[in-house]
1. Quick one: dipole size for region 219-367, taken about the Cα centre, charges +1 on Lys/Arg Cβ and -1 on Asp/Glu Cβ, in debye to the nearest 20.
2. According to the square roots a ≥ b ≥ c of the eigenvalues of the Cα gyration tensor, what is the shape class of region 477-563, taking rounded for a/c under 1.5, prolate for a/b larger than b/c otherwise, and oblate for the remainder?
3. Give, to the nearest whole percent, the P(r) tail of the chain beyond 41 angstrom, counting all Cα pairs.
4. Using the scaling law 2.2 N^0.38 Å as the reference, what is the normalised Cα Rg of region 104-167?
5. Which percent of Cα-Cα pairs in region 219-367 sits in each 5 Å bin, short to long?
6. Using unit Cβ charges (K, R positive; D, E negative) and no other charged atoms, how large, in debye to the nearest 20, is the dipole of the chain about its Cα centre?
7. Please list log₁₀ I(q)/I(0) at q = 0.11, 0.16 Å⁻¹ for region 168-275, using the Debye equation with identical point scatterers on the alpha-carbon positions.
8. State the antiparallel share, in %, of DSSP beta bridges confined to the chain, rounding to the nearest 5.
Amino acid sequence: MSHPHPELSTPAPLVEGGLRVIPLGGLGEVGRNMTVFEYADRLLVVDCGVLFPEDHHPGVDLILPDFDPIRDRLDQVEALVLTHGHEDHIGATPYLLRERGDIPLVGSELTLALLGSKLREHRLKETVHHVVAEGETITFGPFVLEFVAVNHSIPDALAVVIRTGAGVVLHTGDFKMDQLPLDGRITDLNEFARLGDEGVDLFMTDSTNAEVPGFTTHEKEIGPVLDRVFAKSRQRIIVASFASHIHRVQQVIDAAVANDRKIAYVGRSMVRNMAIAKELGYLHVPAGVLVDAKELADLPPHRQVLISTGSQGEPMSALSRIANRSHAFVHLEAGDTVILASSLIPGNENAVYRVINGLSRWGANIVHKGNAMVHVSGHASAGELLYCYNIVKPRNVLPIHGEIRHMRANAALAVATGVPAERVLMAEDGVVVDLVDGVAKIAGKVECGYVFVDGSTVGGDITESSVKDRRILGEEGFITVIVVVDSVTGKVSGGPEITARGFAEEESTFDSIKQPIIDALAQSAADGGVDTYQMQQTVRRVVGRWVNKTHRRRPMIIPVVIEA
């Protein structure tokens with residue numbers, strides 16, 4: 001397997017006739033999926049998603065791919081292809097369209113409908129979009145695209161075949177091989193095999209479940225489990241799910257109907273997405289079953305089912321507010337049942353367990369994947385990936401979509417099926433892969449960081465440095481030291497005045513460090529250090545050593561030196 005070196009240099013210009021692959025997100029993380037393909041000076045983008053923040057991203061709402069590597073080439077982008085409608089694949093599209101608003105969008109009916117709602121929310125005009133389905137072919141500049149049906153945890157997912165003069169690329173998007181899908185739409189293995197017989201030069205395949213042996217459990221096995229949970233419950237049921245998991249919501253609706261319960265959606269994205277799914281025929285809700293959430297509260301508890309957002313413990317989600325008893329009209333009672341119908345996205349564990357503990361505090365019965373089969377993954381396990389490698393027979397492999405451990409496991413599966421180890425490339429975000437004369441090689445690396453968005457700021461204004469500062473402030477506190485010095489002699493003429501957050505409130509807390517600050521500044525002045533910056537650094541150094549020794553803390557220290 002080819003492993004990227006952290007010291008990779010900027011890639012040389014692409015060889016004429018070659019295809020360049022530039023991953024800007026999704027390789028090394030579960031989320032933020034975005035890959036750029038370059039051929040004949042034209043670009044094609046596949047997916048443009050977000051990553052949700054973890055505990056160490058204080059004040060951050062979303063994390064976007066870094067558009068910098070292509071920002072000055074956006075006029076060369078032929079199209080943006082969206083493999084399916086999950087947030088980690090479409091969520092950053094509005095931010096890309098703010099940079100160039102007329103990029104053609106390509107995707108399935110449901111995917112583009114979900115995106116259209118998002119664009120309206122961002123007050124962006126609908127750009128030119130092309131609705132495609134499996135079996136169809138469409139051309140943009142030098143890129144000929146074909147679409148293949150794949151099964152995932154959202155309807156209408158597609159793999160994309162990218163044909164150029166450099167060869168054939170098969171990008172699976174997110175997929176699994178459920179042979180009993182709820183909508184009857186299976187991954188088209190016949191087409192994968194046909195492409196394999198024709199010759200696939202680069203296979204880019206979902207790595208998320210590559211460490212999991214065997215085959216992913218069928219979605220249909222969840223229905224009977226939900227039925228049993230519903231039949232046992234004597235009070236209200238709250239089901240938390242991804243707002244885009246239409247199949248899971250359908251199963252909850254079916255269980256509610258079978259147990260004579262009404263349902264209501266809670267959470268803006270859930271309400272919006274299910275309305276779109278119902279309108280397009282992907283969700284079937286019998287008449288009279290769906291009611292407004294406030295109407296649902298008028299029914300006896302044993303006839304209520306709430307379908308909510310918040311399965312990942314998102315702080316502002318409906319479920320988190322229910323757990324905190326801060327929701328406007330949903331008040332949890334002892335004996336209510338809460339079903340977490342989702343997997344844990346890596347990094348969200350602490351947030352989810354916080355919500356579970358909050359719900360448990362009020363006496364709720366919690367049902368989750370750990371104690372009942374109320375969710376199955378949307379991604380192919382190792383057995384399915386091995387099957388795909390054997391029928392696709394790729395010449396080169398680039399594992400995508402997953403953390404490093406997932407991609408390494410995926411790469412090992414490719415090698416086990418006979419793909420030469422040197423043709424299986426381990427890349428990360430920003431690592432460039434060139435396909436030239438049928439051989440894929442790592443060509444270098446482009447600068448590619450995180451772009452943060454908070455509630456008021458579009459990414460770019462929040463840097464990695466400012467997130468680090470927020471983290472320090474939250475975990476270690478801060479200290480401000482104000483000193484007035486004589487502009488000629490550099491001697492202290494006022495202060496130091498010290499204020500802090502995250503420390504004991506007693507005024508005497510910092511008394512012992514004031515004289516050492518004065519002494520250090522006097523010594524610095526005697527050594528000729530009367531420059532304001534030097535004095536600030538002296539204060540920071542003295543206070544930093546003291547607080548580390550005395551309090552075992554490393555707070556943010558803000559020295560203010562005023563010359564008088």
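Throughout, read-outs are computed from the coordinates displayed, never taken from laboratory work. Just so it is clear, the model here is predicted, and its values are computed rather than measured. Note: ideal-geometry Cβ built from the backbone for every residue, glycine included; neighbour counts use all protein chains shown.
1. Numbers: 17 positive and 13 negative charges, 51 e Å.
Rounded to the nearest 20 debye, it is 240 debye.
2. Working: a/c = 2.07, a/b = 1.83, b/c = 1.13.
It is prolate, given that a/c is not under 1.5 and a/b is the larger ratio.
3. Working: 55067 of 158766 pairs.
Counting pairs separated by more than 41 Å, the tail of P(r) holds 35 percent.
4. Working: Rg = 13.1 Å, N = 64, 2.2 N^0.38 = 10.7 Å.
That ratio works out to 1.23.
5. 2, 10, 21, 25, 23, 14, 5, 1, 0
6. Values: 53 positive and 72 negative charges, 323 e Å.
In debye, rounded to 20, the chain gives about 1560.
7. -0.52, -0.89
8. Values: 49 of 94 bridges.
So the antiparallel bridges in the chain amount to around 50 percent.
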